[in-house]
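Single-structure report; data block below.
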Amino acid sequence: MSAAPQDRLPDIAELMRHTSVTGWRDGLGTIARVVRIDMQSRWAVTIALVSTLVAASMQLVIPRLLGRAIDQTQLLVSGGAEETAARSALLATALLVLLVSVLRGIFTTLQNYFSESVGHHTGYVLRLAYYEKIQNLSFGFHDRVHSGDLITLGMLDLEGVRMFFSTGLVRIVLLSILIGIGGYMLLSTDLLLGLMALSFVPFVAWRSSVTQLRLRGTWLELQERLSVLSRVMEENLGGIRVVRAFAAQPHEMQKFAVASERALQLAHQRVDIRVRNTSAMTLSFFMAMGLVLWVGGSKVATGQITVGTLASFLTFMTILQMPVRQLGLLVNSFARTSTCGARIFAMLDLELAVQNAPDAHDLVVTDGVLRFENVDFSYPGADGRPALRNISFEARRGETIGLIGPPGSGKTTIAHLIPRFYDVTGGCISIDGQDIRKATLQSLRRAVAVVQQDVFLFTTSLENNIAYGDPWAKTDRIERASGSAQLHRYIMGLPSGYRTVVGERGASLSGGQRQRMSIARTLMLNPAVLVFDDSTAAVDANTERQIRDEIREHASERVTIIVAHRLSSLMHSDRILFVEKGEIVESGTHDELLALNGRYRALYDLQVRPEASGGKG
Amino acid sequence: MAAEQETERNDVREDGRRPPRAVVGSHRIEEEMFGRVFDRRIVRRIWAFVRPYRLKLALAVAAVLLFTGTQLAIPLIIRHAIDTGLGEGAEARSALNLSMLAFAIAIALNFAASWVQESIVGKTAENVLFDIRTAMFGHLQRVSLSFMDKTEVGRLMSRLQGDVNAMQEFLETSVLSVGDIVLLFGIVFLMLWLNVELGLLTLAVLPVLFVVRIFWLPRARLAFMAAHESNSVANGALAEAIHGVRTVQSMGRQQVNFALYDDKASANLRAHRKAAKYAQVMVPIVDSLTGIAMAVLVVVGGAMVLDQRLDVGVMVAFLFYIQRFFDPIRSLTMQYSVMQRAMASGQRLTEVLDVPVDITDAPDAIELGPDMDGSVEFRDVTFGYNPAQPILKNLSFRVNPGETVALIGPTGSGKSSAMALAHRFYDVQQGQVLVGGHDVRALTQASLGRQIAMVLQEPFLFTGTVLENIRFNKADASREDVVAAAIAVGAHDFIMALPQGYETMMGERGGSLSLGQRQLVSFARALVADAKILVLDEATASIDSYTEMLIQKALQTLLQGRTGLVIAHRLATIRDADRIIVLANGELIEQGSHQELIKSGGLYSSLYSMSYASFDDIPLAGAAAAAPQTAQANAEEPDKNDTGSRT
């Protein structure tokens, strides 16, 4: 049932690494989808496109007007017109030039502003959709996709798609008007001269497209090499003590020099590509201009065209130059949008492996009985290799169950199945007789809370972190929870107390303190099933004992499950399950298991009397 | 930080989806982006990096000038062609041909100059960037560890990346702005030269643009910075959601977070729209001014042509110049921002480059050879990161060759500092640390590093294969040596179980291995280093019993035939040591073998009888005898100085 979306995951990982241009058809599909999102800002799109039309037309009128002005004066000089009429014609032209320039400015502004605006709105829409998706994709997804890749996707790829409207769509309109109508105007005025004036266009368009695509390819490669370089630096600085401890500075400098050299080489290559291109484009432009001047000059001499026409040809060429050079950017924009968009949409289209069933209802906790019935499980992407086999047990409110076993035996996996971080692949987990897959995720996760092994602290105050799951909580509840986790005294000793900012950019806490934060945070939820997933490993034995005592006080209100590798953490449990290779191999109370003289006993000997077994082992 | 909390608290949102205690993402005002426009001291420092390329740069400047010259010349040639070459007859014909020849030469020069200029400037700027970065990175390899302790890696990284890039941008644009200035003055000069009256009239719009831009720039920059910052805010929140996704899901915070994120994303949208407004408002102004200049040209120039005071060609040349003369103004005003940014970055770069190197080899430092006896001795050592608060006080002890000594004591007692001193990470304030009978200050650091292998509490793996990680800087270690070491420490089996065995790439700091396994890899690394002395900080985090057993065995292998100084946390390690030294508050409290100390009935025996799993767990009551008062604060405080490594 939920196998299908999970199976698609490797493609995503593949896609994220995929940097080349995707196939044409897929590319167009992606672009169409981007355009559909752009169209959400219907008015802005309309204004932007209309403004582009007007601005481009004005752009085309200016050379004409200037040419006309020159002809008017020429005509006058050669005595072909009446003086006052000519002067007023000149004035009229001047006013027209001014008017057209102002209009061009205004409409260019409108065009730019509204197309930017459309792009930013698209960025906003995608941002939200992406955030929403990331938040809800199951653990199975996040286990296998590198977080750095997800961040890149949400920043760079999103940026690529955002830019499409202004750099792609609007530019196409602009260029087709300029080249189409402008070209027509030139050609209809004088075919030969028009052809010459436009002769640089195909060459420059081709060069700039090829170059932009090459620059894009090398840019991606450069980013790759730069990220290797920054990783070398970052690891060196982060592990500076290891480096110094082994006197490995020369070794590290060597590593740095290699990475640096590789990046520098490519950077130089890119300069070469760029230079070759811009110089050649400029040259071809000027060559066309020279041709126009030469041939046009002869034509003026023989009276075939006027000086004004020649001047307007030349002016038009300067106007056309920039947009044609930017044709490469247009090509680049299409390439970028189709790859970036493909990646983003692939993410947005992912089906959630764990989600509410169509007929899901809120979980109703009555007696508080948790039941595992013949549960099988294998991790997504593990090719069906079972992580758990045939797990069955039952826990009632007030009971504490201990899970122990060698690393990789499946203890944590059991803990993660209860709140549906993953869905079982066989059998069933139920709470008070309700299959948890039939319950809404919100209600299930309110009832089941897991104190995680790895603690993530958000960059905000301690109190906000503790109240993470219940952000409406009153201060006294927060303090009570942190008291139970043996943190209150420590926090009160800090200069800003509960308002101390922690997390990535805040004060650092020790491993044990972080785990206690996680415990406090989970206690706030007051769940019906409370799971400790090896969450006291870094807490010292004494503090752990105090925490255990506190928790035991409330144990009668819930099912408590303790996953640990320290025996003392769970030997007082009502029942201990010894898990090995995904199966429960022994179960019973501490004393029963000791009497069994099996694996639990061996572990007990190992931990409690290490000197006895240490020699043998 | 306080202000940040206040806004958090006052911002109580009552719409039901935005609870009072919830925020997403973190926000800290970024560093000063702009400095003074010109700071002679910083420019001089930067010049030192540019100096090696000065000849090339001179060539580039020459090319820029030539390039600008051709740009200025082309309208003149066109003018010449129009004015003299458009008549009938052979004379005009040859004038046109002459103009065309000049045109051809001009564009050939233009081509060559643009090639040389862009190529040299682009590559030199890259070279300087990499040189500065190499200098900084190299410097960071030598600066004192206390500086590294105090400085976040992220902060240094932004020096090595962002600030260095700002310098590159500065270099590139400075050379090009030489061209801009010449172009601007060239245009002004040529317009005046062609026709003073017409030149003055059309140029009258230039000051207007200048003034407008001066008013516009600071405001626009604020808007641009706000947009930039709102990007990092939104991206920060996204990154947080990705890193913390497991917590978000298990705490059911998706809806609240989404609403909060929406706020940030909307703010981002607004900021960008505002910035776009500022960016675009200049366009109609520039266009209108161009329009005015052209209209003036048409009216006044036209009249002058009528009066035979001006050639038509001059009018055409003017047209070309008018279309060009706003470009240099735009890039020059941009250059102003670039310079300010470069000065701010340069300031930060020089700060890093100026961090003093406290620990250097003495001029007459000797090599510590492998034939030294392997003893470590502390003689009356007093040391503190802050000299006023010594962490070690008059500490004296000796570790004899081949002996294993366990250092124990509560957190903050100075164990890790002692370990760092043996390796001369820091210099003592008083007394002496001797290794192999030599004061460490008389030895070269490199040779000391070769003879002392160190295993830190937090195993640190580099990106690279398992093999590379174990071999590390011991370049002459063969694959067999590495495998032998891995077998000896019991890491071979799990390494072989990895997808590519020894060739398996270790991801983000060895993420795919468990803590215990990483520990074993770091043991193997120390074994390959094959040093006479092993300094080891035992991991405190509890590791599952199975791996723990492996580690204990590996430790014995590691210590065989070596002098060992072990900061011990586990009873088994402590008991196996030849001698135990108990430290509290930087002083030696007692020493002796396990049996002796038990018999003497001192602090150790009382602690031992309370059977704590780790001696770091010593509760207040237990430690009170030796370490009154201070122990509590220290035990709770995450003590940076006392942690063997920092991540």
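Over region B:94-223, with the other protein chains present, what is the accessible area per residue in square angstrom, probe 1.4 angstrom?
Normalised by residue count, the accessible surface of region B:94-223 is 40 Å².
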Exposure of B:R221 as accessible area (Å², to 10), given a probe of 1.4 Å and all protein chains:
50 Å²
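Give the ranking of B:I581, B:I214 by solvent-accessible surface, highest area first, calculated with a 1.4 Å probe. List each step's numbers first, then the result.
Numbers: B:I581 0, B:I214 110 Å².
Final ranking, largest accessible area leading: B:I214, B:I581.
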In the protein assembly as shown, if the dipole is taken from +1 on Lys/Arg beta carbons and -1 on Asp/Glu beta carbons about the Cα centre, which of B:S417, B:Q430, A:A197 is farthest to the positive end?
A:A197
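Going from most exposed to least, what order do A:D367, B:D131, B:D439, B:D481 have by accessible area with a 1.4 Å probe? Spell out each step's value before the answer.
Numbers: A:D367 105, B:D131 55, B:D439 25, B:D481 75 Å².
Descending accessible area places them as A:D367, B:D481, B:D131, B:D439.
Ballpark to the nearest 100 Å², how much total accessible area do B and A bury together, probe 1.4 Å?
On the way: alone 33670 and 31770 Å², together 51130 Å².
Answer for the B-A pair: about 14300 Å² buried.
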By a straight-distance test (C-alpha under 18 Å), which aspartates and glutamates pair with B:K532 as possible cross-link partners, with residues fewer than eight away in the same chain excluded?
B:E367, B:D371, B:D373, B:E377, B:E403, B:D439, B:D476, B:D481, B:D578
Could you point to the residue in A:L99, A:A259, A:G239 farthest towards the positive end of chain A's charge dipole, with +1 and -1 charges on the Cβ of Lys/Arg and Asp/Glu respectively?
A:L99
Place +1 on the Cβ of every Lys and Arg and -1 on the Cβ of every Asp and Glu in chain B, take the dipole about the Cα centre, and give the residue among B:T173, B:I214, B:G374 whose Cα lies farthest towards its positive end.
B:I214
Of all accessible heavy-atom area on region B:401-559, the percent that carbon and sulfur account for (1.4 Å):
53 percent
For chain A, the percent of accessible surface on carbon and sulfur atoms (probe 1.4 angstrom, ligands and nucleic acids excluded) is 56 percent
Under the Kirkwood approximation for Rh and a Cα-based Rg, what ratio Rg/Rh is obtained for chain B?
1.14
Sorted largest first, the Cα spans of region A:10-348 on the principal axes come out in Å as 92, 48, 34
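Counting only protein chains, not ligands or nucleic acids, how are B:M282, A:M163 ordered by accessible area (probe 1.4 Å), most first? Can you show the working numbers first?
On the way: B:M282 10, A:M163 55 Å².
Heavy-atom accessible area, descending, gives A:M163, B:M282.
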Simple Cβ-charge dipole of region B:376-636, Lys/Arg +1 and Asp/Glu -1, about Cα centre, in debye nearest 20:
400 debye
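222 nm [θ] for chain A, helices only, -39500 (n - 2.57) per DSSP H run of 4+, per residue, to 500?
Numbers: 26 runs with 393 residues, N = 617.
My calculation for chain A gives -21000 deg cm²/dmol from helical runs alone.
Can you tell me, using C-alpha contacts under 8 Å and at least 6 residues apart, the relative contact order of chain B as a whole percent? Before the final figure, lay out the partial values.
Values: 897 pairs, mean separation 97.4, N = 647.
That works out to 15 percent.
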P(r), alpha carbons of region B:196-309 - 10 Å bins starting at zero, rounded %:
12, 25, 18, 15, 12, 9, 6, 3, 1
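Tell me the net charge near B:A95. Cut-off is 14 Å between Cβ atoms, B:A95 excluded, with +1 for each Lys or Arg and -1 for each Asp or Glu. List each step's numbers first, then the result.
Details: positive: B:R79, B:R93; negative: B:D83, B:E88, B:E91, B:D311.
Local net charge: -2.
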In degrees, nearest ten, helix A:327-348 long axis to first principal axis of chain A (Cα)
20 degrees
In nm, what is the difference between 0.36 nm times the number of residues separating B:A362 and B:T557 and their Cα-Cα distance?
66.7 nm
Straight-line reach from A:K438: which aspartates and glutamates fall under 14 Å, measuring Cα to Cα and dropping same-chain residues less than 8 apart?
A:D359, A:D362, A:D423
Rh (Kirkwood; distinct C-alpha pairs) - chain A, Å:
30.6 Å
Determine the principal axes of the Cα atoms in the protein assembly as shown, then give the extent along each, sorted from largest to smallest and rounded to whole angstroms.
125, 82, 54
For a test of the definition: using alpha carbon positions, the gyration tensor, and the 1.5 limit on a/c, classify region A:370-616 as rounded, prolate or oblate.
oblate
Pairing the Cα long axis of helix B:40-50 with the longest principal axis of chain B, what angle in degrees results, from 0 to 90 and rounded to the nearest 10?
90 degrees
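For Cα pairs less than 8 Å apart in space and 6+ apart in sequence, what is the mean separation divided by the residue count of region A:374-448, i.e. the relative contact order in percent? Could the numbers behind the result be given before it?
On the way: 75 pairs, mean separation 23.1, N = 75.
Once normalised by length, the contact order is 31 percent.
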Please list log₁₀ I(q)/I(0) at q = 0.12 Å⁻¹ for region B:376-636, using the Debye equation with identical point scatterers on the alpha-carbon positions.
-0.73
Accessible area of A:W219, 1.4 Å probe, to the nearest 10 Å²?
100 Å²
Just from its helices, what would the mean residue ellipticity at 222 nm be for chain B, if runs of 4 or more DSSP H residues each count -39500 (n - 2.57) and the sum is divided by every residue, rounded to the nearest 500 deg cm²/dmol?
-19500 deg cm²/dmol
Let me cross-check B:H594: its accessible surface, 1.4 Å probe, with only protein heavy atoms counted, in Å² to the nearest 10?
20 Å²
Cα centre as origin, Lys/Arg/Asp/Glu Cβ charges: the protein assembly as shown dipole, Debye
2700 debye
On C-alpha positions alone, give me the angle between the axis of helix B:545-559 and the longest principal axis of chain B, in degrees, nearest 10.
90 degrees
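Pairs A:K474/B:K415; A:K255/B:K56; A:K255/B:K123; A:K581/B:K553; A:K411/B:K553; A:K133/A:K411: which are spaced more than 32 Å apart, C-alpha to C-alpha? Walk me through the intermediate numbers first.
Details: A:K474/B:K415 42 Å; A:K255/B:K56 29 Å; A:K255/B:K123 22 Å; A:K581/B:K553 25 Å; A:K411/B:K553 26 Å; A:K133/A:K411 29 Å.
Over 32 Å Cα-Cα: A:K474/B:K415.
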Normalised by the residues of region B:376-636, what does the relative contact order come to in percent, with Cα pairs under 8 Å and at least six apart?
26 percent
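The values are calculated or read from the model by the stated rules, or taken from the named source; none is laboratory data. A quick note: this is a predicted structure, and the numbers were derived from the prediction, not measured. We place every Cβ from the backbone using ideal geometry, glycine too, and count neighbours over all the protein chains shown. The accessibility values were calculated without ligands, DNA or RNA, using every heavy atom of the protein model including side chains. Shrake-Rupley method; radii C 1.70, N 1.55, O 1.52, S 1.80 Å.
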